[in-house]
Amino acid sequence: MLARHARSILLCSLLLVPGAPAHADEARLDALTAEIVDRTNQVRAEAGCGPLAPAPELEHSAQAHAADMAEQNYFAHSDAVSPVRALPRAEVLPRAEVLGENIAAGNAAAAETFHQWITSPGHRANILDCRFTGIGVGHAYDPSSTYGHYWVQEFAGTT
């Protein structure tokens with residue numbers, strides 16, 4: 001059996017929905033989630049994509065999903081209809097045409113988690129999707145859960 005710190009898993013999803021562009025506002029991010037946003041934007045710039053701006057509604061949703069996974073001890077994407085299940089649909093979906101979500105578990109460090117995502121084809125595709133303009137990142141830790149650390153990246157943009 002692998003030690004808890006040695007196990008890590010990840011999943012990604014992409015969902016197209018009708019609507020108008022997402023608006024991203026400046027938001028406060030803690031150091032770990034800010035590092036994920038910075039690394040994401042660096043790789044996007046190298047690929048010719050515009051930067052992602054922190055979007056409060058996506059940050060709230062990503063953090064809620066990460067906390068829920070840690071507290072309830074599961075690892076799965078948000079609701080199959082919308083990766084922003086923590087928010088009322090009216091708050092996000094009318095403004096976004098495309099939504100995406102990356103999740104990961106098992107790593108304490110932002111750098112290790114980002115490495116998981118960027119070296120996985122599906123996760124990398126979400127990170128480098130130039131249609132995305134907004135991002136929210138969540139991180140939660142529960143030492144009694146299976147993976148300990150849970151991470152969520154949520155994206156919104158236009159087609």
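Testing residue 41 on (1) modelled with pLDDT under 90; (2) in contact with a Pro (Cβ under 6 Å, 6 or more places away or on another chain); (3) not basic (Lys, Arg), one condition comes back false. Which one is that?
(1)
Looking only at segment 107-159, count every residue that is under 15 Å from residue 72 (Cα atoms), open to solvent by 10 Å² or more (accessible area, probe 1.4 Å) and outside any strand (DSSP E or B) and tell me the total.
5
State whether the residues of segment 82-102 include one that is at pLDDT 85 or above and open to solvent by 10 Å² or more (accessible area, probe 1.4 Å).
no
Which of the residues spanning segment 36-64 are touching a residue at least 12 places away in the same chain (Cβ under 8 Å) and part of a loop (DSSP other than H, G, I, E, B)?
We begin by selecting, within segment 36-64, every residue touching a residue at least 12 places away in the same chain (Cβ under 8 Å); these are 36-37, 39-40, 43-44, 47-50, 52-64.
The answer is 47, 48, 49, 50, 52, 55.
The values are calculated or read from the model by the stated rules, or taken from the named source; none is laboratory data. No experiment lies behind these values; they were computed from the predicted model shown. Counting neighbours? That spans all protein chains shown, and the Cβs are built from the backbone with ideal geometry, glycine included. Accessible surface areas use protein heavy atoms only, side chains included; no ligands, DNA or RNA. Shrake-Rupley method; radii C 1.70, N 1.55, O 1.52, S 1.80 Å.
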